[in-house]
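First up is the structure itself, then whatever we jot down about it.
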């Protein structure tokens with residue numbers, strides 16, 4: 001992958017103030033910065049992922065359809081660096097419910113998740129990333145939180161309101177839970193038992209009876225503040241003697257505390273200089289809280305009002321004085337008040353001010369603070385640079401003896417997206433940083449049209465798309481389109497995500513961004529100003545300047561996946577490598593497949609450029625060069641990505657059914673209609689709410705030599721379902737008399753000897769635990785005492801952990817005999833084709849009600865040389881507003897999104 005590097009002369013073309021000197025091509029600092037940025041882009045090209053979904057929320061029994069766009073570099077061109085994309089569906093307990101591996105073609109892929117009838121309602125998130133992106137950490141993965149409701153088998157619906165109070169240093173939480181049926185009729189006078197679970201631990205239990213409005217009041221107290229990773233109130237509502245329904249109500253926070261932070265534009269408040277200060281007020285649930293108030297000094301003089309806030313963010317402008325301290329006096333929406341300290345102002349430093357609100361130019365100024373050494377204020381030796389995605393966009397240097405620094409830079413010198421301004425000292429020390437967001441009018445112009453604005457139910461509709469660039473020239477591009485019925489699915493454009501908000505904004509920021517598409521919908525001076533405040537309160541952390549300039553790059557651990565591979569090593573049972581061994585890979589799934597290779601001098605073998613579907617099973621057979629089979633085959637597995645905390649946890653919905661009554665009713669009708677005509681892959685929903693099933697032995701597949709389940713301690717998958725992170729972190733504290741050091745388990749009986757791990761009957765290294773995903777584990781058996789470890793001989797000297805995975809696990813292999821293993825790796829998922837009835841086809845069942853909420857999904861639209869493409873489909877039965885969303889990208893990395901509506905009457 002080659003990345004274009006512009007000559008310095010082109011990079012530093014700008015309009016400058018009188019005190020700004022042009023950078024010469026031989027300037028040592030700027031040359032070093034350019035070289036290091038160039039090296040960073042070359043060695044660490046930044047991939048980003050965006051998924052376009054067919055709609056914002058879903059119901060049990062439906063399908064989630066999506067199109068993946070993977071880009072690379074600052075120009076957001078489609079990536080050919082990685083050729084495989086991982087997409088996970090994760091529940092609110094941080095458990096991966098479904099994982100897909102999709103083949104990428106020129107950075108594009110399509111996929112889907114079927115929401116089985118057996119799934120639970122609740123909050124889910126979808127995570128997407130390439131293996132290469134794992135080097136930068138999960139913070140930069142694509143993440144979207146969605147709600148999944150259940151109108152099919154759900155008999156009880158809840159709505160919960162929380163209130164908070166503090167008394168005697170203890171936090172009191174009161175939840176009023178309202179229970180109703182699908183039609184909103186309250187369940188009155190019903191007994192309820194409840195349990196409060198925070199981060200996997202039960203902290204309170206209680207019971208009560210619903211009142212005449214179906215309300216139950218559940219109260220619990222916490223002795224100290226707790227940071228919630230996962231939390232819920234599990235309730236059991238007794239409908240009658242035979243029917244009890246369990247409902248889990250999410251807990252997002254344990255208080256209504258509001259935290260306010262202040263962010264001087266230059267990083268520090270500088271005495272006697274007028275400066276902009278941003279503030280951000282965030283509730284305990286992670287969402288912005290609008291506040292009012294003023295700034296006062298230590299003499300109680302009101303200095304400046306708090307500016308108008310948006311999502312809890314705003315700005316203050318004032319000039320701090322030497323010897324004074326300042327506090328913010330804040331009034332909340334409920335009338336309560338709070339007082340917060342502002343950062344202490346200093347004499348030394350610089351005020352770096354950047355104004356990017358105007359359409360044509362970015363204005364930059366630098367003002368120095370007092371110099372306590374000689375009493376003069378000077379900018380001598382300072383260098384200001386601006387970069388975007390590792391591309392240097394601007395560089396300027398102050399003249400010797402200058403006391404001010406200013407520049408007016410044309411915006412077309414910057415790409416659309418985030419730009420980082422950094423002020424460096426003469427020695428190359430980064431002093432100040434300021435982020436701005438540039439919204440150039442360089443995105444695609446998408447014209448969406450239909451023959452008319454009003455159609456009839458089941459009438460055929462043809463949607464035409466014409467795509468042009470900012471110069472009004474037609475473009476060839478790849479697009480995806482969805483059509484939904486807004487009478488069933490509620491939409492909020494500002495609260496959604498888009499290809500622009502993801503690839504240009506949220507993919508570069510670690511923190512949570514509230515309603516990111518707000519800044520790209522109906523763009524105005526107000527939205528631009530609010531976006532600039534967001535830049536003041538949100539930090540860019542793709543790299544640190546000190547590490548970059550010191551040539552300390554993030555180590556590359558994960559390589560880009562170009563294809564599917566099966567790799568491993570041949571060893572003797574004594575652990576020595578077996579060179580030149582013959583290895584055969586074969587499978588009979590879907591026809592016979594067989595391929596041979598030879599191990600190298602270290603016993604390593606590789607089968608490259610494989611293409612196979614998910615759930616395939618291979619048999620791998622090996623022989624030594626002398627045709628002996630008594631050898632050990634060890635396969636290399638790519639460790640699965642652990643599930644970390646949800647970056648978008650504030651988006652979790654406590655009342656997922658709120659406002660979804662029409663959607664729920666339609667979902668139930670659609671399900672009944674599909675079952676009636678034998679359509680869809682549905683299970684039979686029993687009339688009984690409580691199902692008692694035969695309890696199976698969870699240890700039946702255990703390889704414990706003492707016999708399944710015969711251990712000093714046992715855990716099952718239910719014991720591991722709460723809490724995310726690596727397996728060693730999940731087991732820490734759950735295993736008695738077992739400690740973990742760097743992911744390695746040690747029994748307190750033998751603290752100097754690691755415990756032996758037995759995985760599905762195979763002995764693996766003691767540091768192998770964190771290669772496993774907790775959600776894949778069926779049972780864990782702890783063997784510590786001599787009675788249980790003796791059968792393992794010397795291997796059991798430090799104790800044994802017997803781990804059994806769930807059947808059908810992703811990358812677990814089993815040894816059948818010496819020189820033979822079976823292997824079921826994760827293969828490519830083949831996306832299904834969206835079904836859309838054709839009412840001009842006599843084979844279509846016209847008697848069946850058409851209750852679709854997603855009317856059409858087209859992930860593979862390609863425009864021709866004239867920028868044109870189209871799609872045709874038939875409306876459903878429902879009348880109302882139908883919403884068309886088309887998104888996509890052209891060969892130059894320009895992005896486009898268009899929303900179009902028509903009526904069905």
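The values are calculated or read from the model by the stated rules, or taken from the named source; none is laboratory data. Fair warning: this is a prediction, and the values are worked out from it, not measured in the lab. Every residue, glycine as well, gets a Cβ built from its backbone with ideal geometry; the counts of neighbours run over all protein chains shown.
For residue 303, the criteria (1) modelled with pLDDT of 90 or more; (2) in the same structural domain as residue 331 (by TED's automatic domain parsing); (3) in a loop (DSSP other than H, G, I, E, B) hold in every case but one, which is (3).
Going by what's in this entry, would residue 395 be described as touching a residue at least 24 places away in the same chain (Cβ under 8 Å), in contact with a helix residue (DSSP H, G or I) (Cβ under 6 Å, 6 or more places away or on another chain) and part of a strand (DSSP E or B)? Yes.
For segment 75-93, a tally of residues being part of a loop (DSSP other than H, G, I, E, B) and either free of Cβ contacts under 8 Å to residues at least 12 places away in the same chain or closer than 30 Å to residue 228 by Cβ (or both) returns 2.
Suppose we filter segment 440-489 for residues that are within 30 Å of residue 657 (Cβ to Cβ) and outside any loop (DSSP other than H, G, I, E, B); how many remain?
Counting residues in segment 440-489 that are within 30 Å of residue 657 (Cβ to Cβ) and outside any loop (DSSP other than H, G, I, E, B) gives 6.
With respect to residue 742, is the statement that it is surrounded by fewer than 16 Cβ atoms within 10 Å (Cβ to Cβ) and either free of Cβ contacts under 8 Å to residues at least 40 places away in the same chain or out of contact with any strand residue (DSSP E or B) (no Cβ under 8 Å at 6 or more places or on another chain) (or both) true? Yes: the conditions hold for residue 742.
In segment 861-891, which residues are closer than 30 Å to residue 74 by Cβ and surrounded by fewer than 14 Cβ atoms within 10 Å (Cβ to Cβ)?
If the condition is that a residue be closer than 30 Å to residue 74 by Cβ and surrounded by fewer than 14 Cβ atoms within 10 Å (Cβ to Cβ), then 862, 864, 865, 866, 868, 891 are the ones that fit.
For segment 151-168, filtering for residues that are over 33 Å from the mean Cα position of the chain (by Cα) and without any contact (Cβ under 8 Å) to a residue 12 or more places away in the chain leaves 2. If the condition is being in a helix (DSSP H, G or I) and surrounded by 15 or more Cβ atoms within 10 Å (Cβ to Cβ), then segment 745-790 contributes 769, 770, 771, 774, 775, 776, 788, 789.
When you scan segment 57-74, do you find a residue that is outside any loop (DSSP other than H, G, I, E, B) and out of contact with any strand residue (DSSP E or B) (no Cβ under 6 Å at 6 or more places or on another chain), even just one? So far as segment 57-74 goes, no, none of its residues is outside any loop (DSSP other than H, G, I, E, B) and out of contact with any strand residue (DSSP E or B) (no Cβ under 6 Å at 6 or more places or on another chain).
Being farther than 20 Å from residue 767 by Cα, in contact with a helix residue (DSSP H, G or I) (Cβ under 8 Å, 6 or more places away or on another chain) and at pLDDT 85 or above narrows it down to one of 705, 731, so name that one.
705
So which residues in segment 504-538 are within 24 Å of residue 430 (Cβ to Cβ) and either outside any helix (DSSP H, G or I) or out of contact with any strand residue (DSSP E or B) (no Cβ under 6 Å at 6 or more places or on another chain) (or both)? Across segment 504-538, the qualifying residues are 505, 509, 510, 511, 532, 534, 538.
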